[in-house]
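Participant: One structure, as structure tokens, below. Some questions next.
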Amino acid sequence: MTNSKNILLVEDDPNLGLVLNEFLKMEGFSVSLARDGEKGFESFSNSRFDLCLLDCMMPKMDGFTLGKKIREINQEVPIIFLTAKSLKEDKLKGFDLGGDDYITKPFDEDELVRRINAVLKRVNTAPEIKEQIFNVGKFVYDHANLTLTLKGEISRITQKEGDVLYLLLQNKNNVLRREDILVNVWGENDYFMGRSLDVFITKLRKHLKLDSTIKIENVHGVGFILSENN
């Protein structure tokens, strides 16, 4: 089996690290193994990776801190958090930091590979884009370049923020169901993904707040609607 994808694995448990390293290589992935968060960040800074597997509880730098530092320099690379905890707060923290998935130890290696492949498929499957430039109130949104322009001032948004905004604009003045956003942007309709979606809606509202005519309303139990009140 061949696979060109390069994975950064950051795991402080020496036994689990070796097992995962060997298993992922057997599945055809190229793997770089780091034993703590600091070495993981050093590896990420010096190489290109298609996906990061980060243990949450590590010495020197925990996985959440590492994930945040990775997101500061790369908004797009997928991150899957590995943890011995199953607390809802930890899962939400991981998604709020821009994580793409979260798997609780102990886990089946085959399940991990399926999750990795599912995340990579979501990231690498570009949606068919019929329109790239949108006028929304006083803003101009360029989906290809992920920019919002207001009176000549350009601000850049993240890929997920842009994908959610794109769907809202495609359905402007109509209710966009939560599950449709989750399936299109995150690949599945899941409770924790749903909480992450709420975070991204809040971020979009902050981006658009300079134009009071634009509203992203929550339709309770159904979804969201983007509208302009001219």
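The values are calculated or read from the model by the stated rules, or taken from the named source; none is laboratory data. What you see is a predicted model, and the numbers here were worked out from it, not measured in a lab. Backbone-built Cβ (ideal geometry, glycine too); neighbour counts: all protein chains shown. Heads up: the accessible areas ignore ligands, DNA and RNA and are worked out on the full protein's heavy atoms, side chains in. Shrake-Rupley method; radii C 1.70, N 1.55, O 1.52, S 1.80 Å.
Participant: Kindly indicate the residue of the stretch 33-59 that is outside any helix (DSSP H, G or I) and open to solvent by 40 Å² or more (accessible area, probe 1.4 Å) and also modelled with the lowest pLDDT among those meeting that condition.
Facilitator: Result: PRO59.
Participant: Is it true that some residue in the stretch 193-207 is in a loop (DSSP other than H, G, I, E, B) and either free of Cβ contacts under 8 Å to residues at least 60 places away in the same chain or among the small types (Gly, Ala, Ser) (or both)?
Facilitator: no
Participant: Exactly one condition in (1) assigned to a helix (DSSP H, G or I); (2) out of contact with any Leu (no Cβ under 7 Å at 6 or more places or on another chain); (3) modelled with pLDDT under 90 is false for LYS69; which is it?
Facilitator: Here LYS69 clears every test but (3).
Participant: On to the next question. Among the hydroxyl-bearing types (Ser, Thr, Tyr) and over 28 Å from VAL77 (Cα atoms): is that true of THR213 in this structure?
Facilitator: Spelling it out, THR213 is indeed among the hydroxyl-bearing types (Ser, Thr, Tyr) and over 28 Å from VAL77 (Cα atoms).
Participant: How do the pairs read when you match residues in the stretch 136-154 that are under 16 Å from LYS203 (Cβ atoms) with residues anywhere that are part of a loop (DSSP other than H, G, I, E, B) and among the β-branched types (Val, Ile, Thr), using Cβ under 6 Å and keeping only pairs 6 or more apart or on different chains?
Facilitator: LEU146/ILE157
Participant: For the condition at pLDDT 90 or above and in contact with a Ser or Thr (Cβ under 6 Å, 6 or more places away or on another chain), what is the one hit in ASN6, ASN15?
Facilitator: Sole residue among the options that is at pLDDT 90 or above and in contact with a Ser or Thr (Cβ under 6 Å, 6 or more places away or on another chain): ASN6.
Participant: I would also like to ask the following. Aliphatic (A, V, I, L, M) and farther than 22 Å from PHE95 by Cβ: does that describe ILE133?
Facilitator: Yes.
Participant: A follow-up question, please. Identify, from the list ASP163, ASP190, the residue that is at pLDDT 90 or above and among the acidic types (Asp, Glu).
Facilitator: Only one candidate qualifies: ASP163.
Participant: Next up: Restricting to the stretch 76-98, count the residues that are under 16 Å from the mean Cα position of the chain (by Cα), at pLDDT below 80 and assigned to a loop (DSSP other than H, G, I, E, B).
Facilitator: The total comes to 2.
Participant: I'd like the full set of residues that are over 22 Å from the mean Cα position of the chain (by Cα) and either at positive phi or open to solvent by 40 Å² or more (accessible area, probe 1.4 Å) (or both), limited to the stretch 15-32.
Facilitator: ASN15, LEU16, LEU18, VAL19, GLU22, PHE23, LYS25, MET26, GLU27, GLY28
Participant: Among the helices (runs of 4 or more DSSP H) confined wholly to the stretch 106-185, which include 3 or more residues that are open to solvent by less than 70 Å² (accessible area, probe 1.4 Å) and within 21 Å of THR213 (Cβ to Cβ)?
Facilitator: In the stretch 106-185, the matching helices (runs of 4 or more DSSP H) lie at 159-170.
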